[in-house]
Structures are given as C-alpha cells and as structure tokens.
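Here's the structure we're looking at; comments come further down.
Since every read-out is calculated from the coordinates, none of them should be taken as a lab result. This is a predicted model, so every value here is computed, not measured. Positions of Cβ are generated from backbone atoms using ideal geometry, with glycine treated the same way; all protein chains shown enter the neighbour counts.
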Amino acid sequence: MQVLKQVNVIYHDQIQFRLHLQLRALGHISTPSQLLTVSSAGSPLGRRTPRSLIPTRDNPPPELQQWLSQFQRWSHAERLLAVDRLIEHCEPTQVRHMMKVIEPQFQRDFISLLPRELALQVLSYLDPKDLLRAAQTCRSWRFLCDDNLLWKEKCRQAQILTEPRTDRPRRGRAGNMPPIASPWKAAYMRQHIVK
C-alpha cells in the first residue's frame, strides 16, 4: 500500500511538472511556485485553475464524457480497434495501470459459476493432492471436492478397490475433527496414510 501511495505521489508530481512546463512555454508563469498560486480569474486556461487541471474521478476532463459516448456508439470491431490504438499510444506506466484495473476482472471463481456436473468434470482432472488443496479454498469448493463419485474415480485410478466403510471414522486423536463427507475420500486417505 505504501508503494502505491509513493507511485501516486510521483505520478501526481510528473503531471504537475508537465503542466508547469506547458504554462511556462506559453509565457504564463516563470517559477514553479506560480503554478500553485495562479487564480482562476487570471488563469490562461479559462475558468479552471492549473491545480484543478489534474484529472481525478471527481474532476474528469470535460471531453471525457463526450469521448466515452462516442466509444459506446461504435460497433464491437470499432471498439476493439480503438482499444488497440489507445494501447499503442500509451506509455508503459499507463499500460501497467490498465493491467492493474483489468486483471481483477479475470480473477473470478469460475468453478462456482459452472453447473455442478461441469465443475466436477473440471475438478476430475486434478490429482488427489490438488483436490485436497482446492477443498481448502472456500466452502463451495470444499463441497464440490468432497463429492463421493469424484473420489470413487480417484480410488479406481489408484487401484483402491475395497468398498469404503459406511461408518464414519473419527478423525484426529480424540475424534474432534469433523467427519469426512465422502466415504471414498476417507478410503483414499486411509490407504495413503497407511502407505
């Protein structure tokens, strides 16, 4: 979090410095301190003060809404082309910012969104060790990863052919842990604890 604050400060300072250079080139200011003291009445850029020119969510550039409206009117192909061209014109720091905003949208729990049968099919490709880890992710994954038919197939692959006990064995020394939901999972784990 501290690094992010430092990056924001550096980015903010860079924007202020660029603005200062632009105003200085136009002959409107001569020292950096004047950048912060230019009044809105004497501002060469109209009613907005140089300090207010730094865009924020609360203070976006006035053209942004018009640009977004135009973007929304375009077809899918036109939007893709616009995004490609926009990325080409961005600096690496801006592309990194885009990645930071976009990546969380792809880090979704897709397994829980799938129908149960399809989710179990996907999980069937995991080896038992990974299934046990996946079960620790969240409650919905534990429910899926404890599926009896899933573990029956894992037992068949490991050549554990004995029928599982239907009485639920105690877990832990004093039996203080909750019972394993799947008898086939219990059979698999019992076989691998013995070995």
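Tally time: how many residues in the range 120-141 are assigned to a helix (DSSP H, G or I) and surrounded by 14 or more Cβ atoms within 10 Å (Cβ to Cβ)?
Let us first name the residues in the range 120-141 that are assigned to a helix (DSSP H, G or I), namely 120-123, 128-134, 139-141.
Filter once more, so that each one left must be surrounded by 14 or more Cβ atoms within 10 Å (Cβ to Cβ): 120, 123, 128, 131-132, 134, 141.
The number of residues fulfilling the criteria is 7.
Scanning the range 91-119 for residues that are touching a residue at least 12 places away in the same chain (Cβ under 8 Å), out of contact with any Leu (no Cβ under 6 Å at 6 or more places or on another chain), assigned to a helix (DSSP H, G or I) and within 30 Å of residue 134 (Cβ to Cβ) yields 111, 112, 116. Restricting the range 55-90 to residues that are in a helix (DSSP H, G or I) and aromatic (Phe, Trp, Tyr), the residue that is surrounded by the most Cβ atoms within 10 Å (Cβ to Cβ) is 71. Total residues in the range 117-149 satisfying the condition of being under 18 Å from residue 186 (Cα atoms) and either touching a strand residue (DSSP E or B) at 6+ places or on another chain (Cβ under 7 Å) or not aliphatic (A, V, I, L, M) (or both): the figure is 14.
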